[in-house]
Amino acid sequence: NELYAVVGHPISHSKSPRIHSVFASQTGEPVEYTAIQAPLDGFAETVHRFFRKGGKGLNVTVPFKEQAWQLADQRADRAEKAGAANTLYLNDQGLLVADNTDGQGLVQDLSVNHGVQLKNARILILGAGGAVRGVLGPLLAQEPASLTIANRTEAKANALAALFADEAGTTQLSACGFDEPDQPFDVVINGTSASLQGDLPPLNAGIISADTVVYDMMYSLQTTTFNQWALDNGAVRVVDGLGMLVEQAAESFRIWRGVRPETIPVIEMLRND
Ligand code: ATR
């Protein structure tokens, strides 16, 4: 078997080994996938050791995605602007290549699994940290009518909008604080980590209508705090990030193995765990 792993800190709760094991048996690919906890000050060393020992590919998760991006000799186009990488592998010349499949995972889950039309949609995305930066490029590539970045610290939203201005095309790309938007959006995506502190961004309920699709990049067994807020304020369709998790994994698997696994059965399996 060929060796793959996810590296993070902490890592024990990662679902990636489970997801990739199912992908492997489903596709018949000789993939063995483990979890590695790197010391907080030892990410680069951990990566180098893994590939020195013949490892084929790594997923990278919190808090190492930016370091993975920096460590790489080469970056895929879609990873370049993301400033973070979740997928590493060696190319034919033995160079370390970084990619970022998070944005593709989000877009795939929204548009394919949930049938949400992103082209010409008015999208609001909440947050301006690494998670949001990682998905802006793939979202803009879907050519929404508008993409509004709202963040607690408005300056960070402004900086992200400026960074992606050259990828906006015909999309109206803008930034603001949480209190500014007050009209319904077609799609509202929560990319903040507010719920980790049990917080809710102070938003106007007017951003939600019965036609709004609400997507929380977080996932949990119960309805997430953010999605519950949306339901309480008139949303009918709320989706959490489990599908994104499986889709980003499938895209990494495709990069490494050249085969794209089927994701729906895996999403359903995890949902019923
Ligand atoms: P991540 O990789 O999850 O994006 P991050 O880069 O630290 O992590 O970014 C966290 C995001 O969640 C930021 O947009 C942050 O807002 P600020 O830029 O103002 O810090 C947002 N966030 C974190 N805690 C929050 C809270 N309690 N309420 C609202 N937004 C919060």
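Taken together, the values in this text are just the output of simple stated rules run on the coordinates, not laboratory data. Because the structure is a prediction, the values reported are computed rather than measured. A quick note on method: Cβ atoms are made from the backbone with ideal geometry, for glycine too, and the neighbour counts reach across all protein chains shown.
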Review point. 222 nm [θ] for the chain, helices only, -39500 (n - 2.57) per DSSP H run of 4+, per residue, to 500?
Key: -10000 deg cm²/dmol
Review point. Share of Cα-Cα pairs in the range 144-212 beyond 14 Å, in percent?
Key: 63 percent
Point to revise | Amide hydrogen neighbours beyond the local backbone of S209, cut-off 5 Å, H modeled | key: F185
Point to revise | Magnitude of the charge dipole, the range 110-180, Cβ model with Lys/Arg +1 and Asp/Glu -1, debye to 20 | key: 160 debye
Revision key, fill the gap. Taking the alpha-carbon centre of each part, the distance from the range 105-161 to the range 207-273 in Å is 15 Å
Study note, to complete from the structure: Projected onto the charge dipole of the range 103-242 (unit charges on the beta-carbon of Lys, Arg, Asp and Glu, signs +1, +1, -1, -1), the Cα from L124, A162, Q222 with the largest positive-side position is that of A162
Study note, to complete from the structure: Spelling it out for V31: with amide H atoms placed in the peptide plane at 1.01 Å from N, the residues 5 or more places away or on another chain with amide H under 5 Å from its amide H are E2
**Study point:** Degrees, to the nearest 10: 16-27 long Cα axis against longest axis of the chain
**Key:** 70 degrees
Review point. Angle, helix 242-257 long axis vs. longest principal axis of the chain, Cα atoms, 0 to 90°, nearest 10?
Key: 40 degrees
Check your understanding: Quick one: helix 130-141 against the long Cα principal axis of the chain, what's the angle to the nearest 10°, folded into 0 to 90?
Key -> 80 degrees
Check your understanding: So for the range 51-122, Kirkwood radius off the Cα pairs, Stokes-Einstein at 37 °C and 0.692 mPa s: how many µm² s⁻¹?
Key -> 246 µm²/s
Point to revise | Average projected area [Cα convex hull, the chain], square nanometres | key: 13.9 nm²
Revision key, fill the gap. Toy charge model, Lys and Arg Cβ at +1, Asp and Glu Cβ at -1: the range 2-100 dipole around Cα centroid in debye, rounded to 20, equals 220 debye
Practice item. Mind listing the long-range amide H neighbours of M218? Cut-off is under 5 Å, sequence gap 5 or more, other chains count too, H placed in the peptide plane at 1.01 Å from N. Key: G241
Practice item. For the chain, give the magnitude of the charge dipole about the Cα centre (Cβ charges: +1 Lys/Arg, -1 Asp/Glu; no others), in debye to the nearest 20. Key: 560 debye
Review point. How do 94-105, 242-253, 139-150, 33-44 rank on mean C-beta neighbours within 10 Å, highest first?
Key: 242-253, 94-105, 139-150, 33-44
Review point. When only alpha-carbon atoms count, how far does the range 92-251 stretch along each of its three principal axes, as whole angstroms with the largest first?
Key: 54, 35, 31
